[in-house]
Amino acid sequence: MSMECKKTAPIGVFDSGVGGLTVVREMTRQLPNENIVYFGDTARVPYGSKSQKTIIRFSEQIIRFLKKKQVKAIVIACNTASALALEAVRDEFDVPIMGVVIPGARAAVEATHNQKVGVVGTDATVQSGMYTKIIHGMNPDVTVIEKACPLFVPLVEEGFKEHHVTQEIIEHYLESMKNTDIDAMILGCTHYPLLRSKIRAYMGDKIQIVNPAYETAMDLKKLLEERDMVNDGTKEPYSRYEFYVSDTAEKFRNFANTVMPFDISETNVVNIEEY
């Protein structure tokens with residue numbers, strides 16, 4: 001790939017479903033000139049309850065698909081796949097690949113004053129202990145309290161964001177964390193930024209809420225700058241966004257249009273098992 005071609009090449013983003021759109025949303029804000037190819041594995045969602053071996057296999061298939069789209073970098077916009085597959089796929093493919101866990105962990109380590117950090121995520125992310133491991137690698141003195149909140153994802157996806165039942169579930173899951181003295185909390189699942197204001201209101205102002213989607217977009221920006229791969233928009237003044245799923249395109253599109261700042265007119269279904 002020539003250098004010029006490389007700059008206008010798209011960025012590949014993938015997730016187990018729709019949650020990764022919160023990462024795409026931040027990318028379109030921080031990197032408005034970049035072209036993006038998004039893949040949501042809607043046929044095999046959720047990843048949160050699957051084994052590491054399976055998640056690595058799924059991730060490899062998706063990366064092979066994205067590489068066919070000539071992407072210049074890949075963002076794993078899924079905490080579970082970032083936690084369980086990033087290291088394996090990084091060694092395997094010749095394209096820069098980043099996940100959402102490291103940027104979120106770093107932001108929390110920088111945000112905490114009393115060295116106590118909370119993490120909320122899916123069962124798989126919490127059981128992997130990946131946030132704790134990575135935070136301790138950055139600063140062994142930080143105490144990390146992880147809490148699985150498995151009902152947050154279906155509540156968001158079924159459109160229950162504003163329903164009182166969501167408020168009750170937030171209180172149910174986060175009461176124990178509210179009673180600790182953490183002063184930073186990582187939204188360790190890409191769906192959770194959609195509940196951010198509700199979580200923020202319940203946890204109170206003394207806690208800084210870290211959104212890894214934002215931190216990942218900023219890290220990606222740095223990566224592209226370092227490698228001289230930033231699309232400056234001079235070649236093609238309009239950014240192109242392509243959306244692919246492994247199933248239920250219509251449902252994906254309806255949800256995506258509630259998350260994204262622009263209308264998604266087309267979603268293509270891909271048989272990901274072929275890759």
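Coordinate-derived values only; no laboratory data. None of the values given here were measured: they were computed from a predicted structure. For neighbour counting, all protein chains shown are included, and Cβ atoms are generated from backbone atoms with ideal geometry for every residue, glycine included.
State whether segment 118-275 is rounded, prolate or oblate according to the following rule on the C-alpha gyration tensor (a ≥ b ≥ c being the square roots of its eigenvalues): a/c under 1.5 gives rounded; otherwise a/b larger than b/c gives prolate, and the remaining case gives oblate.
Details: a/c = 1.92, a/b = 1.33, b/c = 1.44.
Oblate, since a/c reaches 1.5 and b/c is not below a/b.
So what's the back-of-envelope 222 nm ellipticity for the chain, counting only DSSP H runs of four-plus at -39500 (n - 2.57) apiece and dividing by all residues, rounded to 500? Working shown, then result.
Numbers: 12 runs with 126 residues, N = 275.
Taking each H run of at least 4 residues, the total per residue is -13500 deg cm²/dmol.
Per-residue counts of other Cβ atoms within 10 Å, averaged by peptide: what ranking do you get for 230-240, 182-192, 207-217, highest first?
With the highest mean Cβ count within 10 Å placed first, the list reads 182-192, 207-217, 230-240.
Would you give the gap between the C-alpha center of segment 142-176 and the C-alpha center of segment 208-253, rounded to a whole Å?
Computed from Cα coordinates, the inter-centre distance equals 27 Å.
Which aspartates and glutamates, on any chain, are close to K161 with Cα under 16 Å apart, when same-chain ones fewer than 8 places away are left out?
Cross-link targets: E171.
Between K222 and D123, what length in nm is gained on full extension when 0.36 nm per residue of separation is reduced by their alpha carbon distance?
Roughly 32.6 nm would be gained on extension.
If the only charges are +1 at each Lys and Arg Cβ and -1 at each Asp and Glu Cβ, what is the size of the charge dipole of segment 219-275 around the Cα centre, to the nearest 20 debye?
Numbers: 7 positive and 13 negative charges, 39 e Å.
So the magnitude is around 180 debye.
Distance check, please: which entries in K147/K178; K72/K251; K53/K147; K178/K198 exceed 18 angstrom between their Cα atoms?
Exceeds cut-off: K72/K251; K53/K147.
By per-residue mean of other Cβ atoms within 10 Å, what is the highest-first order of 121-133, 48-60, 98-110? Don't skip to the end; give the middle numbers.
Values: 121-133: 21.5, 48-60: 17.2, 98-110: 24.4.
Going from most to least packed, we get 98-110, 121-133, 48-60.
Could you give the length gained by full extension between K235 and F262, i.e. 0.36 nm per residue of separation minus their alpha carbon distance, to one decimal place? Write down the numbers at each step before the final one.
Working: separation 27, 0.36 × 27 = 9.72 nm, distance 2.23 nm.
Taking 0.36 nm per residue and subtracting the Cα distance, the gain is 7.5 nm.
Return the inverse of the average 1/r over all pairs of distinct C-alpha atoms in the chain, which is the Kirkwood hydrodynamic radius, in Å to one decimal. Please list the in-between numbers first.
Values: mean 1/r = 0.0531 Å⁻¹.
Kirkwood hydrodynamic radius for the chain: 18.8 Å.
Starting at the first residue of segment 118-124, write each ³J(HN,Hα) from the Karplus equation 6.51 cos²θ - 1.76 cosθ + 1.60 with θ = phi - 60°, in whole Hz, x for Gly and Pro.
Whole-Hz 3J(HN,Hα) from phi for segment 118-124: x, 10, 10, x, 6, 3, 5.
Out of residues 5 or more away from I186 or on other chains, whose amide H comes under 5 Å of its own, with H placed 1.01 Å from N in the peptide plane?
Here G118, V119, V120, V210 satisfy the definition.
So how do 69-78, 16-25, 250-259 stack up, highest first, on mean other-Cβ count within 10 Å? Intermediate results must be reported in sequence, preceding the final value.
Details: 69-78: 24.5, 16-25: 26.7, 250-259: 16.6.
Ranking, from highest mean packing down: 16-25, 69-78, 250-259.
Give me the net charge for the shell around K147: Cβ to Cβ below 11 angstrom, other residues only, Lys and Arg +1, Asp and Glu -1. Please report the intermediate quantities before stating the final value.
Values: positive: K178; negative: D123, E146, E175.
My count for the surroundings of K147 gives -2.
For a Förster distance of 41 Å, can you work out the FRET efficiency between the beta-carbons of E87 and A43, rounded to the nearest 0.05?
Numbers: r = 25 Å, r/R0 = 0.61.
Efficiency at R0 = 41 Å is approximately 0.95.
Which of rounded, prolate, oblate describes segment 95-140, given a ≥ b ≥ c as roots of the alpha-carbon gyration tensor eigenvalues and a/c under 1.5 marking rounded, otherwise prolate only if a/b is larger than b/c?
Details: a/c = 1.95, a/b = 1.23, b/c = 1.58.
In terms of gyration-tensor shape, oblate.
Within the chain, which whole H helices from DSSP have a Cα span along their axis of at least 18 Å and a mean Kyte-Doolittle hydropathy of -1.0 or more, if any? Walk me through the numbers before you get to the answer.
Working: long enough: 52-68 (24 Å, -0.31); 164-178 (20 Å, -0.55); 212-226 (21 Å, -0.57).
TM-like helix candidates: 52-68, 164-178, 212-226.
Any chance you could run the full-extension gain for Y275 through N114? It's 0.36 nm times the residue separation minus the Cα-Cα distance, nm to one decimal. Working shown, then result.
Values: separation 161, 0.36 × 161 = 57.96 nm, distance 4.67 nm.
Fully extending the segment from Y275 to N114 adds 53.3 nm.
Each residue of segment 228-233 in order: what ³J(HN,Hα) in whole Hz does its phi give by Karplus 6.51 cos²θ - 1.76 cosθ + 1.60, θ = phi - 60°, with x for Gly and Pro?
With the stated coefficients, segment 228-233 comes to 6, 10, 5, 7, 7, x Hz.
Is the shape of segment 164-238 rounded, prolate or oblate, going by the alpha carbon gyration tensor and its root eigenvalues a ≥ b ≥ c, with a/c under 1.5 for rounded and a/b larger than b/c for prolate?
On the way: a/c = 4.14, a/b = 2.45, b/c = 1.69.
Verdict is prolate for segment 164-238.
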